[in-house]
Amino acid sequence: MPSLLPGKTASKIQRIGVLTAGGDCPGLNAVIRAVVKSAVQRHGWQVLGIRDGFEGLISGDDAIMPLTAETVYGILARGGTILGAASRANPFLYTKRQQGSRISLDVTPRVLERIEELGLDAVVVIGGDGTMRIARELHEMGAPLVGVPKTIDNDVEGTDYTFGFDTAVGVATEAIDRLRTTAESHHRAMIVEVMGRQAGWIALHSGVAGGADVVLIPEQPFNLELVYDRLTHSFAAVQRSAIVVVAEGAYERGGSPVFRHRAGSQDKLRLGGIGEHLAQLLQERQEEDLVSAPGLEWDIRVTVLGHVQRGGAPSSTDRVLATRMGTAAVRLIARGRLGRMVALRGSTLADLPLARVARVPRTVPLNCDLVLTAKELGICLG
Ligand code: F6P
């Protein structure tokens, strides 16, 4: 395999692969289309689609799908990924069932062998921070890879924006707008739980865009008393309603994030439930006050947006970014610049070595201008 490094120049390249790993997000198909169109039309290369992320480089021939300008016709505006995605197929820790129990294996030799068998001069790996770490390690072992970052959470270090984020913020903002009218009619507090495991970008952007009263993000554990005071203030004001946007990874100061876990399941812990938990804390807090000030009662309702934020058609902003990133990945391959990840810096496309993609997610800096803006607008960040 190391013979494949550094990359072949454009004239020597014949065939490349493309795969989508990790969770899906709007814009994946736009990247696939851009990779195929520029590779085929500009360079005359063949493109093989690899199904279900790295799984397709571990299993057999039916996991490979030749991609042409015809096969990618009409997918630009489609959500999801025509290649399928598998968040659990990590070749360094490949989990399978054997005699009723789960075992984890290192199947990287199989992945390297498969890239060679398929005659792939390069593979475009589209994924989040976990996928970029896998890509970096495989590249260090000799695999000819380039990375394209994706995630609705916008938390891949090294790039200012990932495609999928704009669409998710749009979905969350529309939900807030809809919840506001019913909140105002019934004089209620509406809690909207949005995605964001370690980074509160979706909550912060949609909260500001939707004019929320409170935005809670994982980067700043919240003080319940401050949240309660802000809501009391909103109910005393003319609006007599309130919107609270909470990222799934947010938690109370001194507490810990809320997970949902299926009884008996061996799945990795899944975040979820902070919205309900917060509603309960606020309810209890309100009951203490109602003893001395009856009549100031307000109802609370919780909406969990969940995977609605990840599905559906990408926004035009995400389509453009995904398309730019797909063509940029092909340009990197054509120039023999393997082992790099495409990135957006400001408004310009750039790239950086996969080895420089940090091991930690890109979280919201508490002194960034949007946080300051939110505070200056009177939004409570807990
Ligand atoms: O990382 C993207 C993301 O959508 C997170 O915001 C969320 O916690 C997670 O994926 C959900 O993953 P799954 O689809 O595996 O439940």
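Quick notes on this structure:
- Matching residues in segment 341-382 - criterion: being farther than 20 Å from Ile202 by Cβ, more than 20 Å from the chain's Cα centre (by Cα) and of a type in the set (D, E, K, R): Glu376
Residues checked against (1) under 20 Å from Asp129 (Cβ atoms); (2) surrounded by fewer than 23 Cβ atoms within 10 Å (Cβ to Cβ); (3) in the same structural domain as Asp153 (by TED's automatic domain parsing):
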residue	(1), (2), (3)
Trp45	no, yes, yes
Leu48	no, yes, yes
Phe54	yes, no, yes
Ala69	no, yes, yes
Gly80	no, yes, yes
Leu93	yes, yes, yes
Lys96	no, yes, yes
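- Restricting segment 302-320 to residues that are away from the ligand (no atom under 16 Å from the Cβ) and more than 18 Å from Ala250 (Cα to Cα), the residue that is surrounded by the most Cβ atoms within 10 Å (Cβ to Cβ): Arg319
- In the set (1) surrounded by fewer than 20 Cβ atoms within 10 Å (Cβ to Cβ); (2) of a type in the set (Asp, Glu); (3) within 16 Å of the ligand (Cβ to nearest atom), Glu248 fails one condition alone, (1).
- The single residue among Thr182, Thr131, Thr151 that is out of contact with any Gly (no Cβ under 9 Å at 6 or more places or on another chain) and of a type in the set (Val, Ile, Thr) turns out to be Thr182.
- Single match in Gly158, Gly170 (criterion: under 30 Å from Gly336 (Cβ atoms), buried (at least 18 other Cβ atoms within 10 Å of the Cβ) and not hydrophobic (A, V, I, L, M, F, W, C)): Gly158
- Checked against (1) farther than 24 Å from Gln239 by Cβ; (2) touching a residue at least 40 places away in the same chain (Cβ under 8 Å); (3) within 16 Å of the ligand (Cβ to nearest atom); (4) not hydrophobic (A, V, I, L, M, F, W, C), Arg270 passes all but a single condition, namely (2).
- Any hit, segment 300-320, residues being modelled with pLDDT of 95 or more, over 28 Å from the mean Cα position of the chain (by Cα) and not basic (Lys, Arg): yes
The values are calculated or read from the model by the stated rules, or taken from the named source; none is laboratory data. Just so it is clear, the structure is predicted and the values come from calculations on it, not from any experiment. Counting neighbours? That spans all protein chains shown, and the Cβs are built from the backbone with ideal geometry, glycine included.
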